[in-house]
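Everything below concerns the one structure shown next.
Every number in this text was worked out from the coordinates using simple rules, so none of it is lab data. Nothing here was measured: the structure is a model prediction, and the numbers come from that model. Please note: Cβ atoms are built from the backbone with ideal geometry, for glycine as well, and neighbour counts cover all protein chains shown.
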């Protein structure tokens, strides 16, 4: 092996330029359309509330009980088109979610109203129309309507 010259040629390796792949498609929205833009309390006037109230045949007294307001206060909101305070806006939006899902399921607002007025034993818990007076009760009713809508009625 002596006397043999090794031919060492260094090869210059060029690494190819790698470009990062970037997805060019829009992000998926996973929130229902009604919750994408949440109105501020200054934007949520009685007229906006009236659009929600028109979805169900609740009386003014029933709305007052649900919102924990007096009927007279609701009448003042209507007269002056006053903006609701944050806690009431939250409750109204939660009820709107219930009404939208309920109208999808029952199709007719009167059928939804009759279902809400009837006492229901759901998973060992009695739900009545008065369940709408608490956030927890509203959520239980939303969950049950969802079960009915998707055929998982218990």
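Points to keep in mind about this one:
- Here the relative contact order of segment 39-149, from alpha carbon pairs under 8 Å that lie six or more residues apart, stands at 29 percent.
- Theoretical gain in end-to-end length, residue 85 to residue 104 [0.36 nm per residue, Cα-Cα removed]: 4.0 nm
- Inter-label distance for residue 70 and residue 55, nm, one decimal - labels placed 7 Å from Cα along Cα-to-Cβ: 2.9 nm
- In this rough spin-label picture, where each label sits 7 Å from Cα along the Cβ direction, the residue 48-residue 78 distance is 2.0 nm.
- Principal axis dimensions, segment 39-149 - Cα atoms, whole angstrom, descending: 42, 23, 23
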